[in-house]
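The block underneath contains the structure these notes are about, expressed in structure tokens.
The values are calculated or read from the model by the stated rules, or taken from the named source; none is laboratory data. Because the structure is a prediction, the values reported are computed rather than measured. Note that each Cβ is placed from the backbone with ideal geometry, even for glycine, and that neighbours are counted across all protein chains shown. What goes into the accessible areas is simple: the full protein's heavy atoms, side chains included, and nothing from ligands, DNA or RNA. Shrake-Rupley method; radii C 1.70, N 1.55, O 1.52, S 1.80 Å.
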Amino acid sequence: MTLSRTSAVDRLDNQVKPYAWGSATVIPQLLGRPVTGEPQAELWLGAHPAAPSRLAGGGTLPDRIAADPAGELSPAVVDRFGPRLPFLLKVIAAERPLSLQAHPDLAQARAGYAEEEARGVPVDAPERSYKDPNHKPELVCALTPFEALCGFRAIPDTLALLTLLASRAPVLQTYLDALAARPDPQGLREVVTGLLTVPADRRQRLVDAVTAACRAGGPDFAVELETGAQLGAAYPGDPGVVIALLLNRVRLAPGEALFLAAGNVHCYLSGTAVEVLANSDNVLRGGFTAKHVDVPELLRVVDVTAGPPPLLAPVEVAPGHRAYVPPVPDFRLETYELAGDPVTLAAAGPRIVLVLSGRATVAGLELDRGGSAWLPAGEPVTVRGSGTLCVATTNLGA
């Protein structure tokens, strides 16, 4: 179809974050680039100042949005979020675990950012916790089998696991007794606080004992024990190993998804996924990292609600078309299995499209596997091709 603006759809050139936990092969293979042997962890598609996408037509995506916010984003998006893209799209390729972490809600992010600004902490300082004043809920959709820890397990199940471990590692008995005496969110908070603040002279002994208890294995909680043993070997002396045993252990099949709200403590362990999140880089870390660990701030934002993992089932919009709709207005994810027939991406808010496999033609723009494009608001776009396409957009319906 013919667009009213020939330059409306533009190819994106996106930055890769070389975090140490990343796969050396997955993202280069997606992009058709040589494998260098260096870790390539996250491909960022969007307008975050830490890694803005560049446009084939020239300039950056933030520059284009700033020149015409209402035209690029829609008046509804500007009214709701201001003159900025509210979401960020990523491909994450985890070879080994990410940091144990949680993200702030909007009020917490604004307060934390303002406080660090007032103290004059540079935004790029290693000890900085808040890189921007925005919240960071996120949706992760597996492209390969994807392993994760997310949210606190139901307390009765955690008590059963801790009982097993304490029988092998008596040093855990204090934490088991505390949770058994108060099996509610406040009791869980006290246990998490105790683990994150355990004195250094006791930390190594605690983690070593728990790791050894996990290595003993057994038919009950087999996956959790295996995970604890692996994390203990990789991060000796890190209290995050014990906290990980309080979390839901999840295996996602391709196409399955999680929605992680503010305060959800989580750790992606391995696998490849598409992630859509609010346009933020605020991370409060609690372990498994050489980066800044801000225990007081993590404890301030952590949500100790216990329950099942936060799975997000897709909506089957049409054959080959799925929508992952989270309970936030900032973003949503849609996937399309293309099979030759044209598909119309209806007029809506701003969109970023990414070809995950095969090849697609988006409004006349040919995109190979790993190719991506910016679609401004209000432009219906026809897509043809064969393979898998994902689309990140807002969740406002306009």
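Out of Ala200, Ala253, report the one residue that is closer than 23 Å to Phe288 by Cα, surrounded by fewer than 18 Cβ atoms within 10 Å (Cβ to Cβ) and out of contact with any Gly (no Cβ under 8 Å at 6 or more places or on another chain).
Ala200
Conditions: (1) of a type outside the set (Phe, Trp, Tyr); (2) surrounded by fewer than 18 Cβ atoms within 10 Å (Cβ to Cβ); (3) touching a strand residue (DSSP E or B) at 6+ places or on another chain (Cβ under 6 Å). Asp341 meets all but one. Number of the miss?
Evaluating Asp341 over (1) of a type outside the set (Phe, Trp, Tyr); (2) surrounded by fewer than 18 Cβ atoms within 10 Å (Cβ to Cβ); (3) touching a strand residue (DSSP E or B) at 6+ places or on another chain (Cβ under 6 Å) leaves (3) as the failure.
Can you tell me which residues in region 216-231 are assigned to a helix (DSSP H, G or I), open to solvent by 60 Å² or more (accessible area, probe 1.4 Å) and either under 11 Å from Ala169 (Cβ atoms) or of a type in the set (Ser, Thr, Tyr) (or both)?
none
Determine which member of the set Arg300, Arg332 is open to solvent by 30 Å² or more (accessible area, probe 1.4 Å) and under 30 Å from Leu179 (Cβ atoms).
Arg300
Tell me, please, whether a residue that is outside any loop (DSSP other than H, G, I, E, B) and within 20 Å of Gly307 (Cα to Cα) can be found in region 200-212.
Checked against the condition, which is being outside any loop (DSSP other than H, G, I, E, B) and within 20 Å of Gly307 (Cα to Cα), region 200-212 yields no hits at all.
For region 178-197, which positions are open to solvent by 50 Å² or more (accessible area, probe 1.4 Å), free of Cβ contacts under 8 Å to residues at least 40 places away in the same chain, part of a helix (DSSP H, G or I) and not aliphatic (A, V, I, L, M)?
Glu190, the sole residue that qualifies.
Among the listed residues Arg285, Arg384, identify the single one that is open to solvent by 10 Å² or more (accessible area, probe 1.4 Å), under 24 Å from Arg249 (Cα atoms), touching a residue at least 40 places away in the same chain (Cβ under 8 Å) and part of a strand (DSSP E or B).
Selected residue: Arg285, the only one of Arg285, Arg384 that is open to solvent by 10 Å² or more (accessible area, probe 1.4 Å), under 24 Å from Arg249 (Cα atoms), touching a residue at least 40 places away in the same chain (Cβ under 8 Å) and part of a strand (DSSP E or B).
Condition first: surrounded by 16 or more Cβ atoms within 10 Å (Cβ to Cβ) and of a type in the set (A, V, I, L, M). Now tell me which residues in region 56-73 satisfy that.
Leu61, Ile65, Leu73
Do the conditions hold for Thr394, that is, is it closer than 21 Å to His135 by Cα and in contact (Cβ under 8 Å) with a residue 12 or more places away in the chain?
So Thr394 passes the test.
Only one of these conditions is not met by Asn395: (1) open to solvent by 30 Å² or more (accessible area, probe 1.4 Å); (2) closer than 22 Å to Ala148 by Cα. Which number is it?
(2)
Yes or no: region 134-146 includes at least one residue that is closer than 19 Å to Ala278 by Cα, surrounded by fewer than 21 Cβ atoms within 10 Å (Cβ to Cβ) and at pLDDT below 95.
no
Select, from Gly46, Gly57, the only residue that is at pLDDT below 95 and within 26 Å of Gly364 (Cβ to Cβ).
Going through Gly46, Gly57 in turn, the sole match is Gly57.
Report the residue count in region 160-179 for those that are in contact with a Leu (Cβ under 6 Å, 6 or more places away or on another chain) and either farther than 26 Å from Val293 by Cα or charged (D, E, K, R) (or both).
The number of residues fulfilling the criteria is 2.
Assess whether Ser270 counts as being in contact with a Pro (Cβ under 9 Å, 6 or more places away or on another chain), of a type in the set (Ser, Thr, Tyr), touching a residue at least 60 places away in the same chain (Cβ under 8 Å) and assigned to a loop (DSSP other than H, G, I, E, B).
No; evaluated as a whole, the condition is false for this residue.
Tell me which residues, restricted to region 256-276, are touching a helix residue (DSSP H, G or I) at 6+ places or on another chain (Cβ under 8 Å) and open to solvent by less than 20 Å² (accessible area, probe 1.4 Å).
Residues satisfying the conditions are Gly263, Val265, Cys267, Leu269, Thr272.
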